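A short write-up of the structure that comes next.
The values are calculated or read from the model by the stated rules, or taken from the named source; none is laboratory data. A quick note: this is a predicted structure, and the numbers were derived from the prediction, not measured. No Cβ is skipped: glycine too gets one built from the backbone with ideal geometry, and neighbour counts run over all protein chains shown. We work out accessible area using only protein heavy atoms, side chains counted, and drop any ligands, DNA or RNA first. Shrake-Rupley method; radii C 1.70, N 1.55, O 1.52, S 1.80 Å.
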Amino acid sequence: MNKKEVFKLAKGFRGRAKNCIRIARERVEKALQYSYRDRRNKKRDMRSLWIERINAGTRLHGVNYGNFMHGLMTENIQLNRKVLSELSMHEPYSFKALVDVSHNAFPGNKKVVPPKKEGLSILV
Amino acid sequence: MAAAAQSFNGNVKAKLLLLYFRIPVAIQLILYFDSMQKALAGLRRINLEGLRWRVFDAKGQVLGRLASQISTVVQGKDKPTYAPNRDDGDMCIVLNAKDLCVTGRKLTDKFYRWHTGQKQYNLIIIKRDFIHWRIKLASSSKGKTAILKSGIAGSKALEQEILILLPEKSLARVGLYLFCRYVGNLKERSLKDQMAKDPTEVIRKAVLRMLPRNKLRDDRDRKLRIFAGSEHPFHDRPIEPYVMPPRQVREMRPRARRAMIRAQKKAEQQEQGTTHARRGKKREEGDLEAN
């Protein structure tokens with residue numbers, strides 16, 4: 001890359017990194033490396049954001065994310081998390097319908113009773 | 001003052017008694033008033049459009065579990081429109097902070113610790129048996145080192161101290177020395193003392209330490225209003241009480257259960273009037289049990 005291209009990419013950098021070629025070249029290389037890595041990270045971050053939003057939306061209806069997804073998988077509803085998060089934000093009634101569908105399919109584990117410990121309960 | 005008088009019964013005797021007790025009540029009201037005024041501060045900084053005001057009642061709640069719920073609400077993570085880059089959490093009001101419970105031995109064994117005192121370094125150049133130059137360096141806690149120069153007329157006490165510490169012979173003293181002035185200290189305060197001093201700090205620290213450490217943390221802290229009692233000055237706002245999600249309480253450990261049964265039996269016996277001169281184990285009811 002010649003200098004002109006480097007300075008073009010170094011717009012908005014801090015201090016000497018936008019003006020002096022030696023420093024700018026280092027910083028631009030680093031910036032390009034970060035952008036390569038983050039193009040892959042962005043997909044992960046977005047998915048986790050969708051999952052957080054779906055979680056919040058379902059908990060408003062009393063169901064948590066895990067049980068909700070399990071119910072959807074059992075019913076073979078193949079909506080992806082992106083669409084589900086959009087529904088939970090902008091289409092609350094449709095989302096409630098989905099939550100009901102999932103809840104009917106998988107109501108979640110009943111309250112698990114811990115196993116009684118035999119020996120000590122005799123003393124009590 | 002008038003409010004306090006009205007809140008009591010319309011009994012004449014009660015009103016007369018109130019006159020005698022007015023002064024301590026006044027002080028109490030003033031103390032509550034102080035925290036009320038503090039609670040109203042900083043509201044202008046928050047953009048209150050569309051945010052709800054949720055009220056948490058901390059009476060009988062376990063400290064950490066309550067703080068976890070508060071932190072999710074304050075971050076706005078219970079809304080499907082959550083975005084990590086903007087702060088959309090609801091305003092949280094916590095009441096009855098002094099009635100908080102903790103399990104186990106945390107009342108006596110949980111400590112809040114902090115470090116005080118910062119080391120101050122003195123760089124000293126000694127020439128011919130007296131202090132020629134003294135350069136004061138502060139510890140780089142804030143990222144900058146402040147360098148002050150003081151000539152021979154520095155503080156006499158410090159000079160004397162330093163000259164005593166140096167080796168005796170005059171030729172050996174010449175040179176550059178670095179002296180450290182203060183010793184940093186570790187201070188600690190137990191949960192019991194902190195509750196006596198300021199119960200709101202307990203919840204505030206707990207919630208603050210559960211929030212993510214980013215630039216939104218201070219704004220989220222501003223959304224938290226905690227009160228030791230059950231009075232709060234936000235009655236004119238649209239308030240919603242927060243219902244804690246259902247929780248599975250662990251069954252009591254066998255030893256604790258046996259102790260509780262013994263205490264119950266003793267209480268029953270005392271009620272029935274059988275007086276035994278024995279002293280049983282002391283138990284504080286609300287504070288140490290997991291229920």
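Rounded to whole Hz and in sequence order, give me ³J(HN,Hα) for the range B:103-113 from the Karplus expression 6.51 cos²θ - 1.76 cosθ + 1.60, θ = phi - 60°, writing x for Gly and Pro.
Computed from phi, the couplings for the range B:103-113 are 9, x, 9, 5, 4, 9, 9, 8, 10, 9, 10 Hz.
Residues with amide H under 5 Å of residue B:53's amide H, sequence separation 5 or more or different chain, H placed in the peptide plane at 1.01 Å from N; which?
Amide H neighbours of residue B:53, under 5 Å, 5+ apart: B:240.
When the label point is put 7 Å from the Cα of residue A:30 along its Cα-to-beta-carbon vector, which residues of the range A:1-22 have a backbone N closer than 11 Å?
It comes to A:14, A:17, nothing else.
Can you list the residues, at least 5 places off or on another chain, whose amide H is less than 5 Å from the amide H of residue B:61, using H built in the peptide plane?
HN-HN under 5 Å from residue B:61: B:101.
Report, in listed order, any pair from B:110/B:266; A:82/B:77; B:59/B:205; B:79/B:197; B:77/B:215 with a Cα-Cα distance greater than 27 Å.
Those over the limit are B:110/B:266; B:79/B:197.
Please report the buried accessible area for the interface of A with B, total over both chains, probe 1.4 Å, in Å² to the nearest 100.
1100
Determine which residues of the range A:31-55 fall in the zone a paramagnetic label at residue A:13 would reach in this model, i.e. backbone nitrogen under 18 Å from the point 7 Å along Cα→Cβ.
A:31-38
So what J values fall out for the range B:242-251 if you push phi through Karplus, 6.51 cos²θ - 1.76 cosθ + 1.60 with θ = phi - 60°, rounded to Hz, Gly and Pro as x?
For the range B:242-251, the Karplus curve yields 9, 9, 5, x, x, 10, 8, 8, 5, 6 Hz.
Using only Cα atoms, what is the ratio of the radius of gyration of the range B:199-239 to 2.2 N^0.38 Å?
This ratio for the range B:199-239 stands at 1.33.
Taking the full set of protein chains and a 1.4 angstrom probe, give the accessible area of residue A:101 in square angstrom, rounded to the nearest 10.
That residue has around 60 Å² of solvent-accessible surface.
What order do B:221, A:45 take when sorted by accessible area (1.4 Å probe), most exposed first?
Listed by decreasing accessible area, they come as A:45, B:221.
Report, by chain and number, residues whose modeled amide H sits under 5 Å from the one on residue B:226, excluding near sequence neighbours (fewer than 5 apart, same chain).
B:94
Given the Cα-Cα distance of residue B:214 and residue B:239 and 0.36 nm per residue of separation, how much length would full extension add, in nm?
6.2 nm
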